[in-house]
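The values are calculated or read from the model by the stated rules, or taken from the named source; none is laboratory data. Fair warning: this is a prediction, and the values are worked out from it, not measured in the lab. Every residue, glycine among them, receives a Cβ derived from its backbone with ideal geometry; neighbour counts consider all protein chains shown.
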Amino acid sequence: MIARLDLAAIHDLCLALPRFARVPLAHLRHLNPGQRQAFWLDEISQSLAKESSIAFVSIVSGTINGFIVYNDSPWDSEITGRRIGTVEHIAVADGDDSGTEILQELLGELTRNLADRGTQCLVCKVHSNELRAIHALEQSGFLLMDTLLDFVFDFSRTPIEEIKPPRQDKQLKVRRAKPADLSALMAINEKAFTGYFGRYHADPQMPPDTATKIYAQWVRSAFEGWADWILVAEVDGRIVGYGLWRKPLEIEAKNSLSVAHYDLAAIDPEFLGRGLWTALMFDGMRIARNYAQYLVGPVHVCNYPVQHTLQKLGWRISGARHSFHKWLN
């Protein structure tokens with residue numbers, strides 16, 4: 001039986017979560033099962049509390065054995081001019097041989113309920129080892145757009161004092177960004193992300209220039225308070241790169257997850273190969289040490305230079321996530 005899920009039924013879902021195959025926070029391997037479940041329940045509760053939430057559970061013999069939670073994505077929708085929504089959670093109980101079919105039923109129920117919502121594109125991100133979810137998405141008409149690797153740095157395993165600092169370009173200065181720097185960062189975005197290879201570039205149904213607009217809004221939002229610190233790289237007084245960082249999120253602090261976030265960095269293509277990205281990253285790590293024990297950051301699976309640099313600095317690959325899109329009629 002497929003039934004609606006809301007905050008009133010969160011207790012029943014809480015009892016069922018330990019049976020689920022999905023491992024939340026899989027990239028943070030030091031966490032125990034209790035920490036993972038508590039964080040996951042808080043995440044689900046936040047999703048269900050949003051006004052646009054649509055959620056369903058699959059129930060067999062009175063027990064929840066699968067669930068799905070959807071919300072509108074106003075940020076993406078505003079930038080793209082398309083009504084975009086996100087499957088924020090999709091999971092099935094472990095050991096159920098019909099897991100893929102259960103998830104397909106949940107996806108089908110959600111899609112039918114979105115018919116009157118006007119949603120045009122449905123986005124879903126799943127870990128690369130969630131095979132039943134991946135199969136259910138593909139069999140439901142979702143297409144793979146890209147894969148991100150989750151990199152993690154642990155200060156307790158690799159003290160930053162033991163990392164050999166990157167060789168500094170004598171003309172380079174790394175500093176905190178000022179509001180007046182925004183236009184320079186926008187110009188770097190235009191050059192660095194045109195022709196990039198993220199999911200907005202990969203989807204042929206996205207409007208032209210969507211990807212560039214997404215990255216521009218990302219930086220603009222950072223200056224409006226979304227990021228906790230923005231670093232810029234200057235060469236001879238000219239801004240040629242930047243990096244965006246965040247402290248532990250409120251939900252992470254509540255669950256005692258000492259995690260800071262590296263979110264985005266870019267270098268003017270004219271200045272590639274001079275170690276500027278490494279210098280930006282190293283300075284960002286030194287600041288982050290004041291707020292967290294662990295650092296996390298996503299890197300595109302095809303971005304080999306960044307992967308190589310992060311591993312030289314002591315970061316390790318701890319997981320991978322696939323992004324899927326489905327355009328609805």
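What the table below lists for this structure:
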item: Sole residue being crowded, with 18+ Cβ neighbours inside 10 Å, among the hydroxyl-bearing types (Ser, Thr, Tyr) and either in contact with a helix residue (DSSP H, G or I) (Cβ under 9 Å, 6 or more places away or on another chain) or not in a helix (DSSP H, G or I) (or both), chosen from 212, 194; result: 212
item: Residue count, the range 305-329 (criterion: within 19 Å of the chain's Cα centre (by Cα) and assigned to a helix (DSSP H, G or I)); result: 3
item: Residue pairs meeting the criteria (Cβ under 8 Å; at least 6 apart or on separate chains; first at positive phi, in the range 256-284; second surrounded by fewer than 18 Cβ atoms within 10 Å (Cβ to Cβ)); result: 256/35; 275/167; 275/168; 275/169
item: Criterion: crowded, with 20+ Cβ neighbours inside 10 Å and out of contact with any Phe, Trp or Tyr (no Cβ under 6 Å at 6 or more places or on another chain) - qualifying residue of 226, 218, 277; result: 277
item: Residues of the range 119-174 satisfying the condition of being small (Gly, Ala, Ser), in a loop (DSSP other than H, G, I, E, B) and crowded, with 17+ Cβ neighbours inside 10 Å; result: 140
item: Cross-chain or 6+ apart pairs with Cβ under 7 Å, the range 16-40 first and within 20 Å of residue 261 (Cα to Cα), then in a loop (DSSP other than H, G, I, E, B) and polar (S, T, N, Q); result: 35/255; 39/255
item: Whichever residue in the range 294-329 is out of contact with any strand residue (DSSP E or B) (no Cβ under 7 Å at 6 or more places or on another chain) and not hydroxyl-bearing (Ser, Thr, Tyr) and, among such residues, is surrounded by the most Cβ atoms within 10 Å (Cβ to Cβ); result: 313
item: Test set (1) more than 21 Å from residue 151 (Cβ to Cβ); (2) of a type in the set (A, V, I, L, M, F, W, C); (3) at pLDDT below 90; (4) not in a helix (DSSP H, G or I) - residue 239 fails condition number; result: (3)
item: Residues (farther than 20 Å from residue 129 by Cβ and part of a helix (DSSP H, G or I)) located in the range 89-116; result: 105, 108, 109, 110, 111, 112, 113
item: Yes/no for residue 266 being assigned by TED's automatic domain parsing to the domain that holds residue 314, more than 23 Å from the chain's Cα centre (by Cα), farther than 30 Å from residue 36 by Cβ and modelled with pLDDT of 90 or more; result: no
item: Any hit, the range 177-188, residues being of a type in the set (Val, Ile, Thr), in contact with a Lys or Arg (Cβ under 7 Å, 6 or more places away or on another chain) and buried (at least 18 other Cβ atoms within 10 Å of the Cβ); result: no
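Condition check ((1) on the phi < 0 side of the Ramachandran plot; (2) under 21 Å from the mean Cα position of the chain (by Cα); (3) surrounded by 18 or more Cβ atoms within 10 Å (Cβ to Cβ)) across all residues:
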| site | (1), (2), (3) |
| --- | --- |
| 19 | yes, no, no |
| 25 | no, yes, yes |
| 36 | yes, yes, yes |
| 42 | yes, yes, no |
| 48 | yes, yes, yes |
| 57 | yes, no, yes |
| 72 | yes, yes, yes |
| 79 | yes, yes, yes |
